[in-house]
Amino acid sequence: MTPAHWLFGDQLGPHFLTPGDDGPDRDAAVLLVEARSVFRRRRFHRAKAHLVLSAMRHRAAELGDRAHYIRADTYREGLRAAADDGLTDDGVTVHHPTSHAALRFVRSLDGVDVLAPRGFLVPRPDFDAWADGLGGKRLRQEDFYRWVRRGHDLLMDGGDPAGGRWNHDHDNRETPPKKARTLGAPAPYRPREDAIDEEVRNDLDRWERDGEVTFVGRDGPRRFPASRREALAALRRFVEHRLGGFGAYEDAMLTADPVMSHSLLSSSLNLGLLHPAECVEAAEDAWRAGDAPINSVEGFVRQIAGWREYVWHLYWYFGDAYRDSNTLGHHAPLPDWFLDLDADAVTARCLATTLAQVRDTGWTHHIPRLMLLGSHALQQGWDPRAVTDWFHRCFVDGYDWVMLPNVVGMSQYADGGRMTTKPYTSGGAYVHRMSDLCSGCAYRPTDRTGERACPFTAGYWAFLHRHRRRLAGNNRMSQAVRGLDRLGDLDALLRQARERGDSPP
Ligand code: FAD
């Protein structure tokens with residue numbers, strides 16, 4: 001009796017096929033189901049659709065005769081086709097999928113045995129025990145991160161953090177180097193397209209032509225790894241050539257250098273092509289060999305072993321109802337220019353630049369996501385559920401599990417502070433300090449009203465005013481809220497915000 005093993009499109013690395021107590025059989029036939037309905041349900045970025053399909057088809061090609069690649073309308077139909085071919089006579093195993101809906105679905109299927117999740121450092125029951133053990137105290141990412149570091153002996157010297165400190169954040173918030181157009185980091189790895197990509201592109205063209213699906217954004221050339229080989233090459237290139245510069249300018253933004261020293265590994269991790277353990281171990285090895293400084297290595301390890309892992313567990317810990325959180329009562333619809341990634345309609349240079357990056361690549365680094373796109377949505381009072389859906393569709397690394405905590409919690413504060421202690425939003429002064437995006441902009445970060453009023457500066461004060469009562473009680477926001485009393489032009493600012501409505505800023 002050898003059950004077939006079913007791989008979802010984000011379970012593509014070798015660790016999803018390692019046999020073991022809670023793994024597939026060594027000789028199991030492998031099923032991959034390409035369900036077209038997924039692309040009909042949402043208007044995805046075309047580069048994302050391309051990447052996912054290319055990665056699934058590359059995996060099937062790698063596995064050769066062992067793989068059964070089924071193109072179907074839905075997963076259910078795909079499994080039925082596998083059954084008709086006798087592939088599931090001995091049952092099916094599948095690793096715990098990455099969304100609530102997919103988990104409910106696989107659990108509802110007869111003959112499907114759901115195995116433990118893979119692709120993360122911490123097992124789910126361990127996280128639950130850690131969180132429950134706090135006895136009602138606030139969940140804090142920093143505490144979780146230290147617990148993971150200790151538990152996995154990651155970047156540790158005995159019982160102490162290697163390099164003497166747990167957290168090198170304060171070394172990693174440098175403003176961008178003055179007058180530099182780029183950081184000058186060595187170029188990141190970029191894959192070369194092959195015949196599989198060509199086939200995917202032709203399929204997507206046909207689906208669009210037939211009116212079956214519509215996409216947003218531009219597709220190509222493919223910029224992110226679609227196979228294990230490519231993902232390993234990207235990891236190697238990052239660790240050997242780019243990791244050293246990762247830390248210092250992590251939060252900075254440069255118009256002509258969207259990637260700076262970021263790793264571009266999120267899509268490979270989220271497709272399951274890389275395991276987080278191999279990424280953090282490679283970074284630690286580089287530090288121990290003297291090839292990268294501690295602030296960069298610790299910063300990178302914190303992103304993966306801290307943030308990524310934390311977000312995964314919060315997704316399950318907070319439960320499916322978390323997606324409906326809307327503590328601030330934000331209900332405005334997303335405007336068409338944002339939905340269509342119409343960067344050319346936007347005057348504010350920071351937003352136009354970032355939206356163009358999303359349109360052209362399906363990626364921006366975390367500060368444009370948080371402090372430009374997310375911050376604008378928050379200031380404008382857009383519906384957090386729609387904002388979450390937008391991020392999910394438009395980013396190559398977007399999946400339900402990673403979106404919910406990052407967007408509902410971190411970016412839109414829709415959970416009222418379960419994930420973060422304050423809303424992440426700012427006026428134009430922050431954008432000006434952390435980037436070169438304000439130079440040459442039609443707006444001035446210092447102006448709250450008038451022709452040249454910066455949408456972020458005006459939007460920030462309007463947001464504080466709207467939620468004054470709630471935010472005054474937050475000790476990280478109360479000082480900012482008191483600043484409202486010093487504004488002589490608040491009425492003019494609010495009037496202007498109303499008049500501008502949802503037209504592109
Ligand atoms: P680097 O800056 O090089 O960081 C290294 C790795 O750390 C990333 O590859 C990623 O795997 C991990 N990481 C860091 N922060 C987070 C985080 N908050 N959540 C999860 N992983 C993290 N990340 C996604 O993987 N998918 C998303 O859909 C996503 N949406 C986001 C939406 C918003 C509003 C915000 C604020 C953040 C979001 N992030 C998301 C987190 C982060 O922005 C991206 O992981 C990162 O920008 C990807 O680029 P990179 O691989 O170069 O990351």
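Here are some notes:
- Some residue of region 400-420 being touching a strand residue (DSSP E or B) at 6+ places or on another chain (Cβ under 8 Å), closer than 16 Å to T364 by Cβ, modelled with pLDDT of 95 or more and open to solvent by 10 Å² or more (accessible area, probe 1.4 Å): no
- Complete set of residues in region 1-47 that are part of a strand (DSSP E or B) and of a type in the set (A, V, I, L, M, F, W, C): A4, W6, L7, V30, L31, L32, V33, A35
- For G23, the requirement of being among the small types (G, A, S), more than 25 Å from L204 (Cβ to Cβ) and crowded, with 18+ Cβ neighbours inside 10 Å is met.
- Members of region 344-375 found to be more than 11 Å from the ligand (Cβ to nearest atom), in contact (Cβ under 8 Å) with a residue 40 or more places away in the chain and farther than 20 Å from S267 by Cα, listed by number: A345, V346, T347, A348, R349, C350, L351, T353
Condition check ((1) in the same structural domain as Q412 (by TED's automatic domain parsing); (2) under 20 Å from S375 (Cβ atoms); (3) surrounded by fewer than 20 Cβ atoms within 10 Å (Cβ to Cβ)) across all residues:
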residue	(1), (2), (3)
E278	no, no, yes
D285	no, no, yes
E309	no, no, no
A345	yes, yes, yes
R349	yes, yes, yes
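- Among the residues of region 380-399, those identified as farther than 22 Å from T361 by Cα and touching a Pro at 6+ places or on another chain (Cβ under 8 Å) are W382, D383.
- Which listed residue, of G427, G459, G381, G416, is closer than 30 Å to A102 by Cβ, more than 20 Å from the chain's Cα centre (by Cα) and away from the ligand (no atom under 14 Å from the Cβ): G416
- Out of R236, R223, sole residue that is surrounded by fewer than 23 Cβ atoms within 10 Å (Cβ to Cβ) and either polar (S, T, N, Q) or more than 12 Å from the ligand (Cβ to nearest atom) (or both): R236
The values are calculated or read from the model by the stated rules, or taken from the named source; none is laboratory data. As the structure is a computational prediction, the values presented were derived from the model and not from experiment. Every residue, glycine among them, receives a Cβ derived from its backbone with ideal geometry; neighbour counts consider all protein chains shown. The area values use the complete protein model at the heavy-atom level, side chains included, leaving out ligands, DNA and RNA. Shrake-Rupley method; radii C 1.70, N 1.55, O 1.52, S 1.80 Å.
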